[in-house]
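Accompanying notes for the structure given below.
Nothing in this text is a laboratory measurement; each read-out follows from the coordinates by a stated rule. Fair warning: this is a prediction, and the values are worked out from it, not measured in the lab. Every residue, glycine as well, gets a Cβ built from its backbone with ideal geometry; the counts of neighbours run over all protein chains shown.
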Amino acid sequence: MKLDGIKKTIKKANEDVQKEVDKGAAAAKKAREDGEKKLDETAAKANKSIENSKLPDPVKKAAKDAVSAGHKAATDAVEKAKQAAKEAVEKAEAAAKEAVDKAEEEANKAIDAAETKVKEIVAKASDDLGKAIDDSNLPGPVKDLAKQGLSALEGAANKGIEDLKAGAKDMVKDLAANADDLIGHLKDKALEVLGFEAAAPIKDVPVKAPAVVAAPVSTDTSRKFDHRGGFNFRIELGGVAAGAFTAVDGLTAEVELVEYAGGMDMYTRQIPGRPKIAPITLKKGYINTAALWDWMKATMDGTLKFENVSIVLLADDGDTEVVRYDLQETWPSRWAGFQLDAQSSGAMIEELELQTRSISRVAA
């Protein structure tokens, strides 16, 4: 029988079993509902008899309370039994599905082992036939043709084995799926018999692609080729906390010119020498802090304290970076204090001249 035929047979058997389960579950559910209904009818009948009796009202009340208590105890016992049965059903479902998964895993292992064993047999048979061809008295060309045919036969055999393995694993997968379906169906029907609703199947929820977050819109309203104002900038002075600066001067990079003339040269040649960064002067309003002075004093005392300094150009909004120039291994070589003039109304300005080893430009 072909594998497709086996699959159809298994599917039909699964459907037949589910039909029988449905019939049995319907009968059991009706019996359970009739039993619960009978409890309610018995309690109602007892209360009616008490009401129609000639007993004194206090006795009637006590009798009705007793009937009510008995009815409640019976229904509580039924509910408790139903809950216990539900838990047992759910545990049984989990155990059954675990057993199915294990059986599927073991079956696949057995199929893999069988494939390996059969391929080993085919390979040995091919080797034996190859040796027989080599030991025969056949002409060389005939031997070659025979070996080619043997190789093709071995390849076809291995292909057939792999196809059979794939089909067997596919059938095992279908068997496991059918078993899981049947287990789930049995559980649902058992819960239905007990009066519990089966869990609704989980609906496939389409996964939405994450919303694309728009890039933050810059508040810089300038155009690409607009000139930048020289008043929007920020100085980052490494680990020196000195506050805001009012001016920067001397940001210059140059290459030293080397002149050379050979004996046959009519003109002097100019060639590039070493690169050099000009001293940079920072100016700021004086505040009551010794940060700049302390940095300069360390140099005066023979201790170079290198800092990395950044000169940052800002857009019109005064916050968005346009470009920055990073100065590496910077140290102070001159500090200039403020000028005092009783006739002046200007702010006190202190200056700091910096030397740096290298400079780099970093676009925002």
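Here are a few things to note about the model shown:
- Along the axis of the charge dipole computed for the chain (Cβ charges of +1 for Lys and Arg, -1 for Asp and Glu, origin at the Cα centre), the listed residues PHE233, VAL67, GLY160 are led at the positive end by VAL67.
- Considering only the Cα atoms of the chain, their convex hull presents on average a projected area of 60.7 nm².
- GNM remark for the chain: springs join alpha carbons under 10 Å apart, and the peak mean-square fluctuation among THR42, THR116, THR330 falls on THR330.
- Given charges at beta-carbon only (K, R positive; D, E negative), |dipole| of the chain in Debye: 1700
- Counting Cα-Cα pairs of region 19-122 in 10 Å increments starting at 0 gives whole-percent bin shares of 12, 21, 19, 15, 12, 8, 6, 4, 2, 1.
- In region 260-364, the convex hull through the Cα atoms has an average projected area of 12.6 nm², a quarter of its surface area.
- Positive-end ranking of ALA146, ALA99, ALA31 along the dipole of the chain, with charges on Cβ about the Cα centre, is headed by ALA31.
- Kyte-Doolittle at least -0.5, axis length at least 15 Å by Cα - qualifying DSSP helices, the chain: 140-194
- Estimated from helical segments only, the mean residue ellipticity of the chain at 222 nm is -20000 deg cm²/dmol, where each DSSP H run of four or more residues counts as -39500 (n - 2.57).
- Extension gain, SER68 to ALA166, is 28.8 nm, computed as 0.36 nm per intervening residue step minus the present C-alpha separation.
- The stretch between THR281 and GLU41 holds 76.1 nm of extra length on full extension. This uses 0.36 nm per residue minus the Cα-Cα distance.
- Result for the chain in a Gaussian network model with C-alpha springs under 10 Å: among ASN108, ASN308, ASN178, the largest mean-square fluctuation is at ASN308.
- Long-range HN-HN contacts of LYS284 with modeled amide H, under 5 Å: THR246, GLU350
- Alpha-carbon centroids, region 1-73 and region 103-132: separation in whole Å: 58
- Computing FRET efficiency as 1/(1 + (r/R0)^6) for VAL21 and LYS119, where r is the C-beta to C-beta distance and R0 is 56 Å, gives about 0.85.
- Max mean-square fluctuation residue, GNM over the chain, Cα-Cα springs under 10 Å, options LYS169, LYS30, LYS284: LYS284
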